[in-house]
1. Mind checking region 35-97 for trypsin sites (Lys or Arg not before Pro) that DSSP puts in a loop (not H, G, I, E or B) and that have at most 16 other Cβ atoms within 10 Å?
2. Across region 86-176, how large is the tail of the calculated P(r) beyond 15 Å, expressed as a percent of all Cα pairs?
3. Between 274, 20, 81, find the one with the highest GNM mean-square fluctuation for the chain; connect C-alpha pairs within less than 10 Å.
4. Pick from 108, 285, 257: which is most flexible by mean-square fluctuation in a GNM of the chain where alpha carbon atoms under 10 Å apart are linked?
5. Ignoring ligands, DNA and RNA, please state the percent of accessible area on region 231-276 from carbon and sulfur, probe 1.4 Å.
6. Stokes-Einstein diffusion coefficient for region 142-274 at 25 °C in a medium of 0.890 mPa s, Rh from the Kirkwood formula over Cα pairs: what value in µm²/s?
7. Probe of 1.4 angstrom, ligands and nucleic acids ignored: what's the accessible area per residue over region 8-298, in square angstrom?
8. When every alpha-carbon pair in region 8-298 is counted, what percent end up more than 25 Å apart?
Amino acid sequence: MTSGRAGRGAIALALFLVYVIWGSIYLAIRLVIDEVPPLGSMGARFLLAALLMAAFLACRGGRRRLRLTWREAAGASFLGVLLLACGNGLTSVGQLHGVPSGVTALLVAMVPLWICIYRTLSGDRPRVLELAGVGVGLVGLAVLVLPHGGEHSGLPLVGVAVIVLSSVSWSFGSWIKPRIWLPRDVYVSATYQLLAAGAAMTLASVATGERLHGDIGLRAWGAFGYLVVFGSIVGFTAYAWLLHHAPLSLVATHTYVNPVVAVALGSVVLSEPVTPVLVIGGAVVLLSVVLVVSAHAGPRRRGYSSVNDSKVLLSDQRSTGGG
């Protein structure tokens, strides 16, 4: 629900933060994993962000604010593993396999398409515009990944598969979120999701035998700090505030602005190539996202899903920071 108390300037600032911060997350991840193993570094990122958020919440509301029931703790942990450990952490593994940060953002942007598929399989009746968006999105994915003119697209298929899997996992977590027990306080819920994801990824790092080779440079440390403070805390706070003060259709625009920011930053900072195939495939993917999000922004049909499901479509996605 839009609040009349929020000025246009405050909404514009929050939206700008979400655009820039979540669009730059993929570049920051790439800078970190160039020097630090992906599972361990992202696990440490989530754990540190959880501790910082817990300390802040305890200072503002006392330790009682962090108390949960067993059901809430289990729900938050389950969602944290789905959204952050699998849905978010796996993007770093995909990038380690050679997927450019800009392409990663485009693949992650397909989350609304997968959510639409989950909702259809669960018995919802999608609009024609949504079905069209899913079809267009699959075409865009094919343009990005499949060979063209006898030549391979240049994208590592294993890395692409991992990132698509992460997107599918995030989508499932977003779809199932309203159906599980969670803390009512969205900030407390995010804190425990971060904690569970950090623990899961740290365990995965140990199980896979990740090792740190050499010293960590200033650039990687800076990117890591950016992920913790801005990606996981500032970006999420701005997004959560927007959901209560701005129209959903306006908030949803981050879904297709973030990939544009990511591609631009990847090209400027890392000299990632912006090929005609990337431009065409990316444009098709973004068009599909626009179609699906636009269908949800319109008036609800009788018997169709509630307005709360529109928030699920936005997938409190990047709720704790980016890809």
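The values are calculated or read from the model by the stated rules, or taken from the named source; none is laboratory data. As the structure is a prediction and not an experimental result, all values here were calculated from the model. Here Cβ is always computed from backbone atoms with ideal geometry, including for glycine, and neighbour counts include all displayed protein chains. Surface accessibility is based on the protein's heavy atoms, side chains included, excluding ligands, DNA and RNA. Shrake-Rupley method; radii C 1.70, N 1.55, O 1.52, S 1.80 Å.
1. Answer in residue order: 67.
2. 60 percent
3. It is 274.
4. Result: 257 has the largest fluctuation of those listed.
5. With neighbouring chains kept in place, the figure for region 231-276 is 75 percent.
6. Answer, rounded: 132 µm²/s.
7. Accessible surface, normalised per residue, equals 44 Å².
8. Details: 19972 of 42195 pairs.
Pairs farther apart than 25 Å: 47 percent.
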